[in-house]
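Student: Take a look at this one; I'll ask things after.
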Amino acid sequence: MSYYIKALKNYATFSGRASRSDYWYFILVNMIVSFVIGFIGGLIHVPAIGGLYSLAVLLPSIAVGVRRMHDVGKSGWFLLIPLYNLFLAITAGTSGPNDYGADPLLSA
């Protein structure tokens, strides 16, 4: 849950790097929260709640994705390449500092 809160606090930070755990725990918690909100919205017949939540976490999702691309030494624009971005997201980040900042595993 701390990774999710951390990503939300850095909702518009596109610089720096995000480790695999930062990224994937954010994605996991985001999916769980989205499912729960969608389920509750369906129960109370207000499905727009899920759309509002998705809109609210759109910017933090993009930002953490860009920081994840930076961790593997790529530009954030690589998020736009469908399967390659998934491959990059599961790849280990570069050890030590790179062009995008310090290693998030060493600076944590």
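Any read-out appearing in this document is the output of simple, stated calculations on the displayed coordinates, not a laboratory observation. Keep in mind that what you see is a predicted model, and the values were worked out from it rather than measured. For neighbour counting, all protein chains shown are included, and Cβ atoms are generated from backbone atoms with ideal geometry for every residue, glycine included.
Student: What does the helix-only formula give at 222 nm for the chain: each DSSP H stretch with n ≥ 4 adding -39500 (n - 2.57), the total divided by the residues, and the result rounded to the nearest 500 deg cm²/dmol? It would help to have the intermediate numbers written out before the result.
Tutor: Details: 6 runs with 68 residues, N = 108.
About -19000 deg cm²/dmol.
Student: With a bin width of 10 angstrom, please list the P(r) values of region 48-108 as percents of all Cα-Cα pairs, from the 0 bin to the one holding the largest distance.
Tutor: Histogramming region 48-108 at 10 Å steps yields 22, 43, 26, 8, 1 percent.
Student: While we're here: Rounded to whole Hz and in sequence order, give me ³J(HN,Hα) for region 33-45 from the Karplus expression 6.51 cos²θ - 1.76 cosθ + 1.60, θ = phi - 60°, writing x for Gly and Pro.
Tutor: Values per residue, Gly and Pro as x: 4, 4, 4, 5, 5, x, 5, 5, x, x, 5, 9, 6 Hz.
Student: Modelling each spin label as a point 7 Å along the Cα-to-Cβ direction, I'd like the V46/K9 distance in nm, to one decimal.
Tutor: Here the answer is 3.0 nm between the modelled labels.
Student: Could you tell me what fraction of 2.2 N^0.38 Å the Cα radius of gyration of the chain comes to, as a two-decimal ratio?
Tutor: 1.15
Student: Let me ask another. Does a label point 7 Å from the Cα of D103, set along Cα-to-beta-carbon, have any residues of region 66-95 with amide nitrogen under 11 Å, and which are they?
Tutor: 93-95
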